[in-house]
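The values are calculated or read from the model by the stated rules, or taken from the named source; none is laboratory data. This structure is a prediction, so every number in the text was calculated from the model and none was measured. Every residue, glycine as well, gets a Cβ built from its backbone with ideal geometry; the counts of neighbours run over all protein chains shown. Ligands, DNA and RNA are stripped out before the accessible areas are found, and what is left, the full protein with its side chains, is counted by its heavy atoms. Shrake-Rupley method; radii C 1.70, N 1.55, O 1.52, S 1.80 Å.
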Amino acid sequence: MRMPQHLPAKSPRRDGELLSLDRHCAETEEAASRLFRPQGEWSRWGNAWCRFFRIPVPLRDRWLLNLRVACLAHDLGKANADFVKAVIERGFHEQPIRHEHLSALFLHLPAVRAWLRGNTGLDVDVITAAVLSHHLKAHDGTGEHPPWQWGNFQGLVQQVVLHFSHPDVQRILDRMAEVAGLPRLTFQPPARYTAKEWEKERSDGKRAAHDLRKAACGTSESVEARDPARQSLLLATKAGVIVADAVSSGLFREGHSLADWIARHVHRPPLAAEDLEREILAPRIRELEGQRKAKFSYHRFQDLAAEQPGRALLMAACGAGKSMAAYRWAQSQLAHQPLGSVLFLYPTRGTATEGFRDYVGHAPETEATLLHGSSAYELRGIAENPSEATQGKNYSLEEASARLFALGLWGRRYFSATVDQFISFMEHRYESLCLLPLLADSAVIIDEVHSFSESMLRSLLAFLKRFDVPVLCMTATLLPQRREQLQAAGLKVFPDGAERAELQDLEVAEDHPRYSLEPVEGEEEALQRAVAAFEAGNRVLWVVNTVRRCQALARKLDARLGRIPLCYHSRFKLDDRKRMHGETVSAFKQRATPQVAVTTQVCEMSLDLDADVLITEWAPPSSLVQRFGRCNRKLDGKKDGFTGRLITYKPESHRPYEKEDLADAAAFLAELPGSTLSQKKLAEKLDALPRRGGTPSTATAFLTGGYFATPGHFREEDEFGANAVLRTEAAEVVAALERGKPIDGYLINVPRKDCLPDAERPAGLPPHVHVVDENRYTRELGFLVDKETA
């Protein structure tokens with residue numbers, strides 16, 4: 001195959017235009033400059049990025065120089081015959097080696113390395129690391145059969161013809177020389193790549209990677225590096241190349257002007273405290289006044305929240321008004337420093353959706369968005385059944401912006417999102433890395449931190465310790481060791497100490513005798529009390545630890561009461577889960593008729609319920625307190641002296657928790673008084689629990705990667721679960737996919753062992769979507785985890 005006049009960087013655009021390699025590399029470097037320092041002046045995003053990564057002012061010019069050079073070099077490895085053939089012939093053509101691996105190896109050619117070192121401001125190893133890892137598919141080769149090992153061939157072909165002598169490559173190198181103030185590089189580049197002929201470069205690369213990791217990366221346990229300044233340079237450059245490449249690639253694909261698009265979506269005025277007041281707080285207050293038929297006034301607790309520093313941990317009981325307090329804190333941050341957005345991050349999709357409905361949805365649709373794995377589905381539902389806040393608004397991104405993926409969100413100001421969307425960059429999630437400029441330029445609120453799994457907590461602690469951005473974490477309950485860990489990461493606990501003296505209304509509410517505790521021997525005795533409470537006209541909420549027991553209890557209550565109770569858990573089709581969520585919330589909002597609902601842990605965060613009687617299996621103490629918060633949640637409109645009943649019992653098995661968790665639960669419950677139990681007393685007893693475990697690891701893939709980058713896991717993976725559709729709906733799902741329609745509403749999370757064989761799968765169904773027997777599903781109970789109950 002003859003060498004083409006221009007080396008391609010991408011497949012042709014829809015209009016047939018081909019992007020040349022030299023143009024793409026130049027536009028990626030231009031994107032970096034326009035994002036962070038347009039026209040020679042640091043932008044707000046540039047200052048925020050450097051603050052976020054803790055790059056001191058005297059070193060910021062050096063960082064940008066390294067970023068620009070890395071952007072120019074990032075795709076040099078595409079100058080090879082196999083890549084050119086794959087793009088021009090437009091068919092499948094296996095790539096023997098990844099192009100970014102070749103780019104990084106090119107930077108280890110002795111002539112190239114010596115040339116770059118002619119500018120002492122260039123950190124050649126940092127540049128090489130950013131180039132090698134910009135597609136997050138570069139591994140150091142350790143472990144068993146690692147994918148994407150640097151410099152290794154992927155198949156049987158063991159050599160690649162190189163086009164490094166092409167004029168396009170020389171133009172890229174000339175631009176690198178111009179940017180870095182270096183002489184023109186003239187040398188005879190290699191004409192092919194084989195592992196044997198490049199053995200020296202591979203060895204030098206491995207040695208350099210080892211030395212960089214030793215100096216500029218945290219250990220397997222800690223975020224601390226031997227050379228923090230170099231670590232900042234490394235991380236900011238690696239992330240910067242990914243962001244700049246996403247911009248230049250996406251804007252070319254959609255035919256946008258680089259300069260105009262960045263000016264319109266990035267370099268907007270900062271978000272002002274007055275904007276937040278006008279667009280979210282004032283309309284939310286009007287909504288609350290309409291609901292309560294009374295004038296709204298801030299609690300002193302919410303006023304004091306606005307006075308907290310840029311790093312704080314807000315702890316207050318359920319129903320204290322934490323969300324409003326958090327927005328007051330964000331408003332204060334906007335008043336004290338130029339920021340572009342407010343991010344309200346939640347641990348679950350359900351809580352993020354509720355946060356959008358209550359607060360973010362009040363803002364203009366061009367300024368606000370809901371962001372999580374099924375947010376497009378939820379936004380369609382919100383449009384079909386709008387609230388006062390969302391009436392007449394269309395939150396779907398315009399088609400062009402939607403094709404830009406994460407970049408299409410850069411113009412938004414207010415986000416209600418799952419924490420994964422922004423913090424999972426710590427484990428090399430690409431979408432989260434593309435949102436990193438937004439994160440660095442925001443006031444960040446992270447809710448329900450008590451619920452974070454160990455892997456999520458590790459990422460959160462590392463994030464707090466290593467990066468500089470205003471963060472408010474919130475929760476109603478927190479085990480003492482977690483509070484201490486968050487304090488050690490730099491968060492000031494609020495309210496605490498002298499602040500409590502000013503919060504008499506909060507003290508009164510938290511000290512109010514809300515509950516009476518009734519331990520029982522087991523499920524059968526609890527069942528008798530549930531039936532009696534329902535027949536007495538009460539609203540009864542029963543929480544169990546597994547879906548199997550949730551469904552079994554629903555059937556038992558059906559037999560006793562003559563009506564199937566509300567049953568809410570995670571194994572529903574998303575359409576039905578949304579319906580069950582709404583029905584359960586509505587059932588507990590009214591007090592006129594008795595109700596009974598059986599749920600799993602999903603009620604701990606995503607359901608705003610106010611039960612008269614709460615029955616629960618033992619669970620970890622912090623989870624128990626969250627469940628208790630769904631009982632007698634609202635004091636208004638009830639008889640004086642009313643207390644909610646908390647009925648607790650030991651489950652038949654400790655799963656899905658550890659035995660130690662239930663031992664803690666037994667000890668916690670044993671210390672509680674039987675009556676006049678307040679939220680304050682719960683917090684005190686929770687705080688008195690013994691500490692477990694030592695200092696948690698704060699190592700994450702992003703911090704320890706060095707030269708390399710492969711995605712890790714932000715949450716613990718559910719190796720036993722799978723997404724599936726009902727067999728009778730599989731063809732409908734395939735048809736929806738063919739029309740480009742979303743399929744979220746059909747999906748059910750089921751045990752992997754219950755999926756049908758692949759022979760039952762219709763052609764066109766994505767490999768990650770499985771099929772289950774429709775006879776094991778009902779709209780009232782969801783996917784039946786016990787076959788014998790089907």
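Key figures
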quantity: More than 21 angstrom apart: percent of Cα pairs within the range 6-134; calculated: 48
quantity: 3J(HN,Hα) from dihedral phi, the range 677-688, Karplus parametrisation 6.51/-1.76/1.60, rounded to Hz, x for glycine, proline; calculated: 8, 10, 5, 5, 5, 4, 5, 5, 5, 5, 5, 7
quantity: Per residue Cα convex hull volume in Å³ - calculated over the range 125-173; calculated: 113
quantity: Rounded accessible area of CYS217 (nearest 10 Å², 1.4 Å probe); calculated: 10
quantity: Residues whose placed amide H lies under 5 Å from that of VAL543, excluding near-sequence neighbours; calculated: THR599, ILE615, THR616, GLU617
quantity: Note, ³J(HN,Hα) from phi for the range 625-633, Karplus 6.51, -1.76, 1.60, rounded to Hz, x at Gly and Pro; calculated: 5, 4, 5, 4, x, 8, 10, 6, 5
quantity: Fully extended contour minus Cα-Cα distance, from SER586 to ASP687, at 0.36 nm per residue; calculated: 33.0 nm
quantity: Long-range HN-HN contacts of LYS10 with modeled amide H, under 5 Å; calculated: LEU19
quantity: FRET efficiency, 1/(1 + (r/R0)^6) with R0 25 Å, evaluated for GLN170 and SER203 via beta carbons; calculated: 0.35
quantity: Accessible surface of the range 80-211 [probe 1.4 Å, protein heavy atoms]: carbon and sulfur percent; calculated: 51
quantity: Rounded to 10°, Cα long-axis angle of helix 228-254 versus longest principal axis of the chain; calculated: 80
quantity: Proximal lysines relative to LYS680, as straight alpha-carbon distance under 19 Å, when same-chain residues fewer than 8 apart are discounted; calculated: LYS322, LYS634
quantity: For the range 286-335, Kirkwood radius (reciprocal of mean inverse C-alpha pair distance, Å); calculated: 11.7
quantity: Computed Kirkwood radius, in angstrom, where 1/r is averaged over Cα pairs of the range 50-194; calculated: 16.3
quantity: Taking the convex hull of Cα positions in the range 289-436, its mean projected area over all directions (nm²); calculated: 10.0
quantity: Cross-link pairs LYS393/LYS492; LYS10/LYS214; LYS293/LYS573; LYS578/LYS741; LYS393/LYS578 - those with Cα-Cα distance over 30 Å; calculated: LYS393/LYS492; LYS10/LYS214; LYS293/LYS573
quantity: Mean-position separation - Cα centroids, the range 210-275 and the range 70-90, in angstrom; calculated: 23
quantity: Distant-in-sequence amide H partners of ARG192 (H built 1.01 Å from N, under 5 Å); calculated: LEU162
quantity: THR676 - accessible surface, heavy atoms, 1.4 Å probe, Å² rounded to 10; calculated: 100
quantity: Dipole of the chain [Lys/Arg +1, Asp/Glu -1 at C-beta], most positive-end residue of ALA489, PRO12, VAL540; calculated: PRO12
quantity: Per-pair calculated FRET efficiency, R0 = 51 Å: SER297 and ASP786 via Cβ, rounded to 0.05; calculated: 0.45
quantity: Percent antiparallel among DSSP beta bridges (both partners in the chain, rounded to 5); calculated: 20
quantity: Candidates per trypsin sites (Lys or Arg not before Pro) in the range 73-120, loop by DSSP, up to 14 other Cβ within 10 Å; calculated: ARG90, ARG117
quantity: Cβ-placed point charges (K, R +1; D, E -1), dipole of the chain about Cα centre in debye, nearest 20; calculated: 780
quantity: Spin-label zone in the range 517-532 - amide nitrogen under 14 Å from a point set 7 Å from the Cα of ARG560 along the C-beta vector; calculated: 520-532
quantity: For the chain, calculated [θ]222 nm from helices alone, where every DSSP H run of n ≥ 4 adds -39500 (n - 2.57); calculated: -12500 deg cm²/dmol
quantity: Binned Cα-Cα distance frequencies in the range 459-583 - 10 Å width, integer %; calculated: 9, 25, 22, 26, 16, 2
quantity: Largest-first principal axis extents, alpha carbons of the range 730-790, Å; calculated: 37, 25, 15
quantity: Protein accessible area in the range 499-628, 1.4 Å probe - carbon and sulfur %; calculated: 51
quantity: Farthest positive-ward along the range 146-220 dipole, Cα basis, beta-carbon charges - from VAL161, TYR193, LEU173; calculated: TYR193
quantity: Rg/Rg_globular for the range 524-596, with Rg_globular taken as 2.2 N^0.38 Å and Rg from C-alpha atoms; calculated: 1.09
quantity: At R0 = 45 Å, FRET efficiency that the Cβ-Cβ distance of ASP640 and GLU274 yields, to 0.05; calculated: 0.60
quantity: Those GluC sites (Glu not before Pro) in the range 185-267 that DSSP places in a loop and that have at most 13 other beta carbons within 10 Å; calculated: GLU197, GLU221
quantity: Alpha-carbon centroids, the range 492-566 and the range 588-666: separation in whole Å; calculated: 3
quantity: Restricting the range 684-750 to GluC sites (Glu not before Pro) in coil, as DSSP defines it, with at most 12 other Cβ within 10 Å; calculated: GLU716, GLU717, GLU719
quantity: Shape parameters for the range 653-717, alpha-carbon atoms, Rg then Dmax in Å; calculated: 18.7, 60
quantity: Alpha-carbon centroids, the range 714-769 and the range 32-64: separation in whole Å; calculated: 44
quantity: The chain - Kirkwood radius from inverse mean 1/r over Cα pairs (Å); calculated: 28.7
quantity: Normalised convex hull volume, the range 171-210, alpha-carbon set, Å³ per residue; calculated: 107
quantity: HN-Hα J in Hz across the range 659-665 - Karplus 6.51, -1.76, 1.60, θ = phi - 60°, x for Gly and Pro; calculated: 4, 5, 5, 6, 5, 4, 4
quantity: For the chain: accessible area per residue (Å², 1.4 Å); calculated: 40
